[in-house]
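Here it is: the structure, laid out below.
The values are calculated or read from the model by the stated rules, or taken from the named source; none is laboratory data. Everything numeric here is computed off the predicted structure, so don't read it as measured data. Positions of Cβ are backbone-derived with ideal geometry, glycine not excepted, and every protein chain shown enters the neighbour counts.
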Amino acid sequence: FAYDWSRELATCNPDYYRWEQWFFTQLYEKGLVYRATAVVNWDPVDQTVLANEQVIEGCGWRSGAPVERREIPQWFLRITAYADELLEELDRMDEWPEAVKTMQRNWIGRSQGLQIRFALSDGSGQLEVFTTRPDTLLGATYMAVAPEHPLAVAAAARDPAVAELLEACKRQSTSEAIMETMEKRGLSLGITVDHPLSGAPLPVWVANFVLISYGTGAVMSVPAHDQRDYEFAQRHALPIRQVVRPADGSVIDVEREAYTEHGILINSGEFDGLDFELAFDAIAQRLEAQGRATRRTQYRLRDWLVSRQRYWGCPIPVLYDENGTVVPESAERLPVVLPEEINWAGVNSPLRSMPAFLQATLPDGRPARRETDTFDTFFESSWYFTRFTCADSTTAMVDARADYWMPVDIYIGGIEHAVLHLLYARFFHKAMRDAGLVKSDEPFKRLLTQGMVCKETYFRAGVNGRKQYFNPEQVEVVLDAKGRAVSARAKADNLPVIIGPVEKMSKSKNNGVDPQTLIARYGADTVRLYTMFAAPPDQSLEWSDSAVEGQYRFLKSLWRQVTDHVANSAPADPGGMSEALKALRRHIHETIVKVSDDISRRYKFNTAIAAVMELLNHLSRMNIDTAAAHAVRQEGLDTVVLLLAPIVPHITAVLWQALGHSDDLSVAAWPTADALALTRDEVEMVVQVNGRKRAVVSVPASADKAACEAIALADENVQRFVTGKAMHKIIVVPGKLVNVVVGE
RNA sequence: GCCCGGGUGGCGGAACUGGUAGACGCAGCGGACUUAAAAUCCGCCGAUCGCAAGGUCGUGCCGGUUCGAUUCCGGCUCCGGGCACCA
C-alpha cells in the first residue's frame, strides 16, 4: 500500500472545481437544483451572514450586535428526491457501523402520517397539519403554528402582543439545538378551527418551537399523548383529553405526564377499542372520504442548501439576465474562476463589489449579472475520492477508470461526519450515477469511523463572550497528587487560563497537538506504535503522550534480542522438541492467528500489538542450550518482525535483513499458522460452583462431558463447596468451563 | 430538547457469540547490577479479611432475566459527537 502522489488534487484548483460547476448545471437541467428563500443569521451591524458557530449567545461574534433571522434567496440541491434510496440502501450496507446507519436513518426520518385540513371556524380558510398519530385525533385540544405561519402573521396585525412575540422570534437563532432548548413561548391567536370529527372549536396558538420548515409549519396538539404538547398545555392551562389507554391494562395518569405509547382508543366514539393500526386506518379513511385529509410520507431530511455568501469557495456558475431570470453558465465557458486579485473592504465577500466579476454576458451575448454566492465546501468533499481515480482527466469530470476503482474499498473518517458529509457524499454519488458518470450505487463499501482525538481546552473570556483559546503547548498545567489538572497558566504571560472541557481537536478550539515533537524524540516507528496501541481506532481518545516510553522500550528490546540472536551461532547440541519448546512454538503460531484476525477483521491494532509483546516476552526468557531452541527463537523473531511490519515498517525492515533474509520485508509474505503446531494435548477449564470460580483444572483435550465433570468434582476446593449439598445440575461448556449447581 | 456513542484499577486499555474481570502497557513500590546515575533485569501492584490455604466485595447508579451478566432487558446519571452556515 502506498500513496500515489501523481493523483494528488486540491479542491480549490479550477481544474477540479470546474467539474462541479459543470455537474451543477447538469443537475439544474434535470430539475435537481432550485432557488428558494431560506433563513440565515444576519448581523445587522456588519451587514453579513453569520454561521451558527459565529453566533455567541444570540449576538454576532465580531460586532456583538443581536443577530436577526433574515430570509434570502439561495440555491438548493434536491437531496430529498433520493431520500427513499438513501434510506433503503442502508439495509444492504453490511460493512458500515450500525451506529452510523442508525444516525442516517433517523436523520432522513421517514414517517407515514396523515395531512389533515382543519376548517377555520369563521369560514375564511383552512389550517393544514401533518401528524403521525391520527389515532389521537380526538385528543387534540388546540392547534399550534410556527411564528412564520401566515395565520400568525395575520394575527400579529390585529394583536400587538402577538406582534411582539413574532418580533422576539425573529431574533432567535436558526440553530435547531438552540430552538429546541430555549424557553417555550406561545400566545393564542384569538381564532379557532373546527375539529373534523367532533366539530368542537379548537383554539389556534402560535408557538416558538413549531418549525416552519418541517411539515406544514403547524401541528395539532394532543397534550395527553405528546410530552411537548403536554408541557405547553400545562403552562397555558389548556385542556388535556386522554384518548388512548395502555393495551396491557396498566394504569396511567395523563394529568401527570403524557402517555406516548401506542395503545387502545377510548373517548373516541365509534373508534373506541381499536388499536393503533386499525384506528389510523379507520380515521384516515373517514377523513379521506370527506376530502379532509391525505395520507403522506414525510421526511425530516431537508434539501441541501449549497449557497454560501462567502468569498473563498467555488463560484456558483449562474448568471441573471436583466429581468433577473436565471441562466446557467454554459459548459464551454467553464470554469467560472474565483478571482484572487481582490480588494478586501469590510467583512463581506469582495465579489459583491467587484464589477469585473459581477458584470458578465450571457452565452448569447446579452448583458448579465453574475451570482456571487459560492458553494458549501461539503460540495467539494462529496466526490474528491471519485476524482482520485482519474485526476488527470481534462475532458470529463470522471472517465471509465472510475468504474475500475469505485466504490472505495474502505473509507476512514471521524464519527462527526456520520450524517452530513457521509450523506451528502452518498447522494452526490447517486446523482453522478444517474448522470451516467459512474456505475456503482454507493461510494464507500466499508466504513471505519475513527474515534475523535480529544484534548483539554484552555481559554480566557474575551470580548462579546468570544473565547480566546490557548494551545496546550502554550500552557503550563498544574496537577494534583492524583494527576488531575487543577489550574493552568499561559507560558507567555504566566497568567491563569480557564481549563475547559475535553473536546475533539479542532482549529476553532486550538487544542490540536503536533506529534512532531514526539517523532523528533523517539522516531516515527515509536510514535506509530504508540498511536496504534493507545486505543482501538473507532474509539475516542484523550491525547496524552505519557505512555509512549513503553513503546520505545519495547522496540529497543526487540532490537536487542534480534542483534543478540544473530551474534550467537546455534549450539552444537542438536537437542529435540521439548515440551517447553512445543509450547513456545504453539505460542508463536497462536500469535499469528490472533494478530492476523485483529488486523484484517477486527481492526483492533492495540490487541494485536499486545499479543506480539507477550510473544516477545516469552521469547526473551528462552534458554538457548540446543540447536532446536535456537531454531525456534529464529522462527519466533522472524514472526514478530513480520507481524509488526505494517505498524513499524522502518525498524522491522532493518531487522529482517539482520535475521538473514535476502528479500525485502515489504514484499515478504504474511506468515501463516502451522495447524500442527497449534494442537494441544491438554486444556484448562474453569470450575464454578453456583457461578463462582472455585478452581482451574487441566483436562485432556479429548475429554468428554463426563470426564470433565469427574475431574472438576475431584478438585479439593470444589469439594469444599459441594459436600453435603444437593446437586441440581452440572453445566459443561466444552474446553472452557464446568459449573456445578448445588442447593443451599 | 432530539438522535448516536461511551463510563472497567492511580492512568491508557483487555475480556471477540452470556462463561476465569483487569491481558498488554504507563505510573508507583521493593529488590539486583553500579562508586553513583542512566540503561537493563527480577518481584509486587482493585478493595478488604486471613499466618496461610483461601474467603468476601468490586466493571457509573437502581432494579430485572439467567446456573452464570462488563456483555441482555427496564429506569436513571455523567461525559463525548451530531443537530443542517465549523468542516
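Only one of these is surrounded by fewer than 17 Cβ atoms within 10 Å (Cβ to Cβ) and within 30 Å of A:Pro44 (Cβ to Cβ): A:Ala207, A:Ala168, A:Ala152. Name it.
Every option except A:Ala168 fails the conditions.
Taking region A:440-468 only, how many residues are surrounded by 17 or more Cβ atoms within 10 Å (Cβ to Cβ) and modelled with pLDDT of 85 or more?
Looking only at that region, the number is 7.
Look through A:Ala669, A:Ala677, A:Ala673 and report the one residue that is part of a helix (DSSP H, G or I), out of contact with any Asp or Glu (no Cβ under 7 Å at 6 or more places or on another chain), on the phi < 0 side of the Ramachandran plot and of a type outside the set (Asp, Glu).
Only one candidate qualifies: A:Ala677.
Where the second residue is among the hydroxyl-bearing types (Ser, Thr, Tyr) and the first is over 28 Å from A:Pro97 (Cβ atoms) and lies in region A:394-417, which pairs have Cβ atoms under 7 Å and are six or more apart or on separate chains?
A:Asp399/A:Ser393; A:Arg401/A:Thr389
Continuing with this model, one more query. Would you point out the residue of region A:617-645, among those that are more than 16 Å from RNA strand B (Cβ to nearest atom) and among the hydroxyl-bearing types (Ser, Thr, Tyr), that is modelled with the highest pLDDT?
That would be A:Thr639.
List the number of the failed condition for A:Ile283; all other conditions in (1) β-branched (Val, Ile, Thr); (2) touching a helix residue (DSSP H, G or I) at 6+ places or on another chain (Cβ under 7 Å); (3) loosely packed, with under 14 Cβ neighbours inside 10 Å hold.
The failed condition is (3).
Could you please find all residues in region A:226-254 being more than 16 Å from A:Phe130 (Cα to Cα), part of a loop (DSSP other than H, G, I, E, B) and in contact (Cβ under 8 Å) with a residue 60 or more places away in the chain?
A:Leu238, A:Pro239, A:Ile240, A:Arg241, A:Gln242, A:Val243, listed by residue number.
Conditions tested, residue by residue: (1) without any contact (Cβ under 8 Å) to a residue 12 or more places away in the chain; (2) over 19 Å from A:Gly215 (Cβ atoms); (3) of a type in the set (Lys, Arg).
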| site | (1), (2), (3) |
| --- | --- |
| A:Leu90 | no, yes, no |
| A:Asp94 | yes, yes, no |
| A:Thr102 | yes, yes, no |
| A:Ser124 | yes, yes, no |
| A:Glu128 | no, no, no |
| A:Asp135 | no, no, no |
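A further question follows. Go through (1) within 25 Å of A:Met432 (Cα to Cα); (2) more than 16 Å from RNA strand B (Cβ to nearest atom); (3) of a type in the set (Val, Ile, Thr) one by one and return the number of the condition A:Thr141 breaks.
Every listed condition holds for A:Thr141 apart from (1).
For region A:646-666, give me each residue that is of a type in the set (A, V, I, L, M) and touching a residue at least 60 places away in the same chain (Cβ under 8 Å).
Of everything in region A:646-666, those that are of a type in the set (A, V, I, L, M) and touching a residue at least 60 places away in the same chain (Cβ under 8 Å) turn out to be A:Ile647, A:Val648, A:Ile651, A:Leu655, A:Ala658, A:Leu659.
Among the candidates A:Leu581, A:Leu643, A:Leu619, A:Leu637, single out the residue that is more than 38 Å from the chain's Cα centre (by Cα), under 23 Å from A:Leu665 (Cα atoms) and free of Cβ contacts under 8 Å to residues at least 60 places away in the same chain.
Only one candidate qualifies: A:Leu619.
Could you check A:His650 against (1) away from RNA strand B (no atom under 16 Å from the Cβ); (2) closer than 23 Å to A:Asn606 by Cα; (3) out of contact with any Gly (no Cβ under 8 Å at 6 or more places or on another chain); (4) part of a helix (DSSP H, G or I) and say which number it fails?
Unmet condition: (3).
Go through region A:62-84 and count every residue that is in a strand (DSSP E or B) and of a type in the set (Lys, Arg).
Result for region A:62-84: 2.
Results for (1) of a type outside the set (Gly, Ala, Ser); (2) within 15 Å of RNA strand B (Cβ to nearest atom); (3) in contact with a Ser or Thr (Cβ under 6 Å, 6 or more places away or on another chain), shown as yes or no for each residue.
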{"site": "A:Leu151", "(1), (2), (3)": "yes, no, no"}
{"site": "A:Leu165", "(1), (2), (3)": "yes, no, no"}
{"site": "A:Thr192", "(1), (2), (3)": "yes, no, yes"}
{"site": "A:Val204", "(1), (2), (3)": "yes, no, no"}
{"site": "A:Leu211", "(1), (2), (3)": "yes, yes, no"}
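I've got another one for you. Return the only residue of A:Glu270, A:Glu322 being acidic (Asp, Glu), over 40 Å from the mean Cα position of the chain (by Cα) and either farther than 30 Å from A:Asp364 by Cα or not in a loop (DSSP other than H, G, I, E, B) (or both).
None of the others qualify; the one that does is A:Glu270.
Restricting the search to region A:8-34, which residues are of a type outside the set (A, V, I, L, M, F, W, C) and either on the phi > 0 side of the Ramachandran plot or within 13 Å of RNA strand B (Cβ to nearest atom) (or both)?
If the condition is that a residue be of a type outside the set (A, V, I, L, M, F, W, C) and either on the phi > 0 side of the Ramachandran plot or within 13 Å of RNA strand B (Cβ to nearest atom) (or both), then A:Thr11, A:Gly31 are the ones that fit.
Within region A:654-676, identify whether any single residue is touching a strand residue (DSSP E or B) at 6+ places or on another chain (Cβ under 8 Å), surrounded by fewer than 16 Cβ atoms within 10 Å (Cβ to Cβ) and of a type in the set (Val, Ile, Thr), and answer yes or no.
no
This table checks each residue for (1) more than 16 Å from RNA strand B (Cβ to nearest atom); (2) farther than 20 Å from A:Thr25 by Cα.
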site: A:Glu257; (1), (2): no, yes
site: A:Glu261; (1), (2): no, yes
site: A:Gly269; (1), (2): yes, yes
site: A:Glu277; (1), (2): yes, yes
site: A:Arg286; (1), (2): yes, yes
site: A:Arg295; (1), (2): yes, yes
site: A:Arg300; (1), (2): no, yes
site: A:Val306; (1), (2): no, no
site: A:Ser330; (1), (2): yes, no
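Find all pairs meeting these conditions: Cβ atoms under 7 angstrom apart; at least six residues apart or on different chains; first residue within region A:677-688 and farther than 18 Å from A:Thr591 by Cβ; second residue of a type in the set (Asp, Glu) and more than 8 Å from RNA strand B (Cβ to nearest atom).
Filtered contacts from region A:677-688: A:Val687/A:Asp715.
Would you check if there is a residue in region A:291-314 being over 37 Å from the mean Cα position of the chain (by Cα) and assigned to a loop (DSSP other than H, G, I, E, B)?
The answer is yes, given that some residue of region A:291-314 is over 37 Å from the mean Cα position of the chain (by Cα) and assigned to a loop (DSSP other than H, G, I, E, B).
Still on this structure: Within region A:370-427, take every residue that is in contact with a Gly (Cβ under 8 Å, 6 or more places away or on another chain) and among the β-branched types (Val, Ile, Thr) and give me the one that is nearest to RNA strand B (Cβ to nearest atom).
The extreme case among them is A:Thr377.
Could you check region A:381-404 and list, in sequence order, the residues that are touching a Cys at 6+ places or on another chain (Cβ under 7 Å) and either crowded, with 18+ Cβ neighbours inside 10 Å or modelled with pLDDT under 95 (or both)?
Scanning region A:381-404 gives A:Val398, A:Ala402.
Then there is this: What about A:Ala418, is it touching a helix residue (DSSP H, G or I) at 6+ places or on another chain (Cβ under 6 Å), of a type in the set (Gly, Ala, Ser) and more than 23 Å from A:Tyr82 (Cβ to Cβ)?
no
I'm trying to understand the selection: among the residues of region A:506-552, which are modelled with pLDDT of 80 or more and closer than 23 Å to A:Pro97 by Cβ?
Correct list: A:Thr531, A:Met532, A:Phe533, A:Ala534, A:Ala535, A:Pro536, A:Pro537, A:Asp538, A:Gln539.
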